[in-house]
């Protein structure tokens, strides 16, 4: 059962108290019946902000639940918005209220291990389990796993399960050697000393970064060339090139990037996640992910995150890049500057390398969310992009799409398909036989389907989940006319759901989306949105056409049956409903046919011979 603020018996008292509240800036402190602080917030205008909790009923479930538990609240007036921000940060840190965003990252230590073998391997380990040399700990799995993958690729180290030198020359080198991903240690062509030199270079690369490694390798390459050891110099040259390629493709090495944090937020519905890419000494040194829970204001969530995250950080970098414009940039910048003792800049990149890194942070947040909700990063990104393109207030998780199919004025049907968090939920699909439209009229048919769908939604006796769930957005397989026909109906029924039409080109391919005002929104530039809506339109078309075809087929069979003397419409329907497939009809015994149709065995034999034998 959905919780609303009206579940709070103290609501009238809280509303009256808020009417007398000051319009000054400050902090408000929500408490439950036992006096425990459950939420702390700040406001430029206390009366305006606090009143939204007790008068506006359109809250996220998390906020509604919080408000339903508020017994009373206190407030502290401040001289400025900045003082309110500082006070809020201090109070949240002190009380850790249940309904505030409380940052819990993926903190878990990992190590890079150089094994204690004749021919060592470099691997990522979660614990120090046995002998060997360990580098770390790393506070995020990204850095350690990415570094291990990179160093093994750059130095072409073996990653197979062979044991050396035991397995020297026992088999032909594997595919990794053929595609130059491995030096082919299994060929037995490297002495322990030569291989130890490669491992030493790899460890140096891990510890000092690509810049120092390239510098030292260049010196070594020049020395070998002067000594006319051109073959060895060529190997070093290729290694330098591999390091530079890795630096470019992995964004691990940023030559001119000072200590910087890059922050990106992703959402799946109202669930939010923030990823922080941490660059130190020109190199990605760590990444942290934070699941924020339900958030109703993306900008406020980012602002709250910045305060809480850096409030507990040992070192605050000079530059912080964020993925959207904030409202309190100056106050937050001032707070972080005073806390760190040096100038801090909060930047919004709109193009170039830093914009690409901000997109990378957002992509990491999407991937972390995908793990949390059991979806792929691409599915989450497509839904986010769809929300942005259509101007929706939140990422649509539950999507419904409708289509109408008919053959002239006969066998008119409607179909509803459901996409739940980026994937089709076939158990929730619905079929509609058109009952009130007798001539071919797609607009009237679509109106009937939507009316019947939402009559079920408002029916308290309806237990069908496919009808009881309110969609986040509705798509109609049709253009401006379909949307124009359905929009007034939904408004009349009190259904407040964004409505769009899927516009097709002359080849029946999705080319655009039309909104309730008749404006077309182009989707071709967004590959992920185009793919999602094309899949949606293809699926609803397939589902509805299949239903219409099966209904028409059943109608034809029913007509053929009634041509047999003594077989009326009811008896024909009884047979077709009991044996729904051709195979079932063919396998039906005379006795079964007689029982279902309530006819004698002789007539059942005639049905078998004259009708069922024709279903070849």
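What percent do you get for the relative contact order of the chain when only Cα pairs under 8 Å and 6+ apart count? Computed over the chain, the figure is 7 percent.
Kindly provide the helix-only [θ] at 222 nm of the chain, computed as the sum of -39,500 (n - 2.57) over DSSP H runs of four or more divided by all residues, to the nearest 500 deg cm²/dmol?
Helices in the chain give a 222 nm mean residue ellipticity of -14500 deg cm²/dmol.
Under the criterion of Cα pairs below 8 Å and six or more residues apart, the relative contact order for segment 390-551 equals 24 percent.
Under the Kirkwood approximation applied to all pairs of distinct alpha-carbon atoms, what is the hydrodynamic radius of the chain in Å? Walk me through the numbers on the way to the answer.
Values: mean 1/r = 0.0331 Å⁻¹.
It works out to 30.3 Å.
For segment 260-373, what proportion of DSSP beta bridges, expressed in % and rounded to the nearest 5, is antiparallel? The antiparallel fraction comes to roughly 70 percent.
Using a cutoff of 8 angstrom between alpha carbon atoms and counting only pairs six or more residues apart, the relative contact order for segment 348-440 works out to 18 percent. A Förster radius of 56 Å, combined with the Cβ-Cβ distance separating residue 222 from residue 538, puts the computed FRET efficiency at roughly 0.40. Classify segment 315-421 from the C-alpha gyration tensor, please: rounded if a/c falls under 1.5, else prolate or oblate depending on whether a/b exceeds b/c. Prolate, because a/c is 1.5 or more and a/b exceeds b/c. Relative to the longest principal axis of the Cα atoms of the chain, helix 81-95 runs at roughly 90 degrees.
Summarising the label geometry, the points placed 7 Å from Cα in the beta-carbon direction at residue 36 and residue 531 lie 4.5 nm from one another.
For the chain, the longest principal axis of the C-alpha atoms and the axis of helix 527-561 are separated by about 20°.
Based on the mean of other beta carbon atoms within 10 Å per residue, what is the order of 433-439, 60-66, most packed first?
Output ranking for 433-439, 60-66: 60-66, 433-439.
Taking square-rooted eigenvalues a ≥ b ≥ c of the alpha carbon gyration tensor, is segment 110-250 rounded, prolate or oblate, where a/c under 1.5 means rounded and, failing that, a/b exceeding b/c means prolate? It comes out oblate by the Cα gyration axes. For the pair segment 416-457 / segment 335-365, the C-alpha centres are spaced 47 Å from each other.
Using a/c under 1.5 as the rounded threshold, could you call segment 390-551 rounded, prolate or oblate? The axes a ≥ b ≥ c are square roots of the C-alpha gyration tensor eigenvalues, and prolate needs a/b larger than b/c, oblate otherwise. In terms of gyration-tensor shape, rounded. Rounded to the nearest 10 degrees, what's the angle between the helix 352-373 long axis and the longest principal axis of the chain, both from Cα atoms, 0 to 90? The angle comes out near 60 degrees.
Between residue 390 and residue 431, the distance separating the two model label sites (each 7 Å from Cα on the Cα→Cβ line) works out to 2.7 nm. The slack in the chain from residue 19 to residue 589, taken as 0.36 nm per residue of separation less the alpha-carbon distance, amounts to 197.3 nm. Among 174, 186, a tally of other beta-carbon atoms within 10 Å of each Cβ gives an order, fewest to most, of 174, 186.
Only the coordinates and a few stated rules stand behind these numbers; no lab work does. Note that the coordinates shown come from a computational prediction; the quantities given were computed from them, not determined experimentally. Using ideal geometry, Cβ is built from the backbone for each residue, glycine included, and neighbour counts are taken over all protein chains shown.
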